[in-house]
Amino acid sequence: MSKTPSSAIAGCFALSAFAVAVVAGLAAQNPASSILFRALIAMIVCYPVGLIIGLICQRLMFDHIDAHQKAASITMPNSTENSDQSDDANSQEEPSDVPIV
């Protein structure tokens, strides 16, 4: 089993479903075998649901990180690309409207 955030989220979903099913079964005063069977079924059903949600969240997170890195890689006016120009030319440039992140 791979150690990814999506599998951790899936495990949390499965264990939460198991706990909710056990508490609900105890509150309804069902027999122990019925409680454990239903809790096990809930855990098995909720693991793939949590895995799908985890994969979606992981993809969104990586897309956001990539977009942030692309936005941060915009060169500033006084970067090394402008080093061949004279200092007077660099001092007369207007500041960029791009916020520094």
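The values are calculated or read from the model by the stated rules, or taken from the named source; none is laboratory data. Model, not experiment: these values are computed from the prediction. For neighbour counting, all protein chains shown are included, and Cβ atoms are generated from backbone atoms with ideal geometry for every residue, glycine included.
Could you list, in sequence order, all residues of the range 14-35 that are of a type outside the set (Gly, Ala, Ser) and within 26 Å of Gly54 (Cα to Cα)? Lay out the reasoning, then the answer.
Taking the range 14-35 and keeping what is of a type outside the set (Gly, Ala, Ser), we get 15, 18, 20, 22-23, 26, 29-31, 35.
Answer for the range 14-35, where residues must be of a type outside the set (Gly, Ala, Ser) and within 26 Å of Gly54 (Cα to Cα): Leu15, Phe18, Val20, Val22, Val23.
Which of the residues that make up the range 1-35 are hydrophobic (A, V, I, L, M, F, W, C), part of a loop (DSSP other than H, G, I, E, B) and at pLDDT below 95? Walk me through it before giving the result.
Step one: of the range 1-35, the residues hydrophobic (A, V, I, L, M, F, W, C) are 1, 8-10, 12-15, 17-24, 26-28, 32, 35.
When the remaining residues are screened for being part of a loop (DSSP other than H, G, I, E, B), the result is 1, 28.
The answer is Met1, and nothing else.
With respect to the numbered conditions (1) surrounded by fewer than 18 Cβ atoms within 10 Å (Cβ to Cβ); (2) among the small types (Gly, Ala, Ser); (3) within 29 Å of the chain's Cα centre (by Cα), which one is the sole condition not fulfilled by Ala42?
Against the list (1) surrounded by fewer than 18 Cβ atoms within 10 Å (Cβ to Cβ); (2) among the small types (Gly, Ala, Ser); (3) within 29 Å of the chain's Cα centre (by Cα), Ala42 comes up short only on (1).
Suppose we keep only residues that are surrounded by 10 or more Cβ atoms within 10 Å (Cβ to Cβ) and in a loop (DSSP other than H, G, I, E, B) within the range 63-78. Which one would you say is modelled with the highest pLDDT?
Ile74
Report, by residue number, each residue of the range 42-54 that is of a type outside the set (Ser, Thr, Tyr) and in contact with a helix residue (DSSP H, G or I) (Cβ under 8 Å, 6 or more places away or on another chain).
Correct list: Ala42, Met43, Ile44, Val45, Cys46, Pro48, Val49, Gly50, Leu51, Ile53, Gly54.
So Leu51 fits all but one of (1) modelled with pLDDT of 85 or more; (2) touching a Ser or Thr at 6+ places or on another chain (Cβ under 7 Å); (3) exposed (fewer than 12 other Cβ atoms within 10 Å of the Cβ); what number is the exception?
(3)
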